[in-house]
1. Sorted from largest down, what three extents in whole angstroms do the Cα atoms of the stretch 88-129 have along their principal axes?
2. Running a GNM on the chain with Cα contacts under 10 Å, which residue among 84, 374, 30 ends up with the highest mean-square fluctuation?
3. Go ahead and estimate [θ] at 222 nm for the chain from helices alone: -39,500 (n - 2.57) per DSSP H run with n ≥ 4, summed, over the residue count, rounded to 500.
4. Which whole-number percentage describes the relative contact order of the chain, with Cα contacts under 8 Å and a sequence gap of 6 or more?
5. Taking the chain as a Gaussian network, where each spring joins two C-alpha atoms under 10 Å apart, which residue of 258, 78, 247 fluctuates the most?
6. Tell me the angle of helix 40-52 to the major Cα principal axis of the chain, expressed in degrees between 0 and 90 and rounded to the nearest ten.
7. What FRET efficiency comes out for the pair residue 348/residue 8, r = Cβ-Cβ distance, R0 = 56 Å, nearest 0.05?
8. On a full-extension model of 0.36 nm per residue, what is the gain between residue 51 and residue 180, subtracting their alpha-carbon distance, rounded to one decimal in nm?
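Each reported figure results from applying straightforward, stated rules to the coordinates on display, with no laboratory input. In this text, all values refer to a predicted model and were calculated from it rather than measured experimentally. Cβ placement follows ideal geometry from the backbone for every residue including glycine, while neighbour counts extend to all protein chains displayed.
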């Protein structure tokens, strides 16, 4: 908590209530008091302030099972939102994400070739402008962008997104100029990990590792002590470049035999007879095909994935491993087979109690993470809502 003026204390209190509603959903004032440690009168005052800012709505009193007067119900406003943008080598997805982490609308545009940064900015601007016009009534606070690469988050400069072929691209600056909104750009896997921590399979888990597999390769992130662990310069978690075989096959940064080189969505899509598949279509096709070529490829990719996961268990000793994107589909194809392969490569004591699970937010995961990042400044200073425009 910030230490300082009464204004600082008030801001911290507003943030605590707002965060409780973001992760816990609709609840009574009494529940908010228990979760935040604030007394009844303080919670009532805070909720009133948040309602006046348009961030929450109060409902008729609800019975919470305790003795005394029924407590008012409080829920997040359905109109507060951010744009979320996710570029990959084969498609651009743009969404409106609410303060509660729900995707209100999503548009996916497939590319015939790998897009340049200018292509992404132009198309994203067109789609967001059209969304803002169609979905009137939303109060858009900013834009979050999930990029498959290394990002300097302070200004949204993409240092290296090898699958997209982008180096030193000023994505944040370009989008901000085009849309006149604050823009927050970050690594896609790190955003996915934070989304799962707050809304998905990482809720209540102190230490977990998240791996995401997409058309642009495999990224990862580490949450330790409930916080994202970025390492010395914010680039920790790039588990896709972990060597898993002695193969000469190289990934996009030139590392041979890496997880990203050996476990690919592209190989599976080709086997399934597709060219472009959205995540839902891909998973349905994979789980529905138990032919020998597909089963053998899945088994090989699972073995290579297990080598990396065994290393993760031995080095980081997480409570849980979360798999997103096509890695979640690999897990769903044969969960027992993947676990057995990991156990064969991990120290037994370190493996005890480790869950290997799918990310819960599914195809919307990275969009939720990007939207969450764009909404974070508002959560940190709810009073700033008074300056947000209505689209």
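1. Largest first, the stretch 88-129 extends 34, 18, 12 Å along its Cα principal axes.
2. 30
3. Result for the chain: -12500 deg cm²/dmol, rounded to the nearest 500.
4. 18
5. Most flexible of the set in this elastic network: 247.
6. Tilt relative to the chain: about 80 degrees.
7. Efficiency for this residue pair is about 0.70.
8. 43.8 nm
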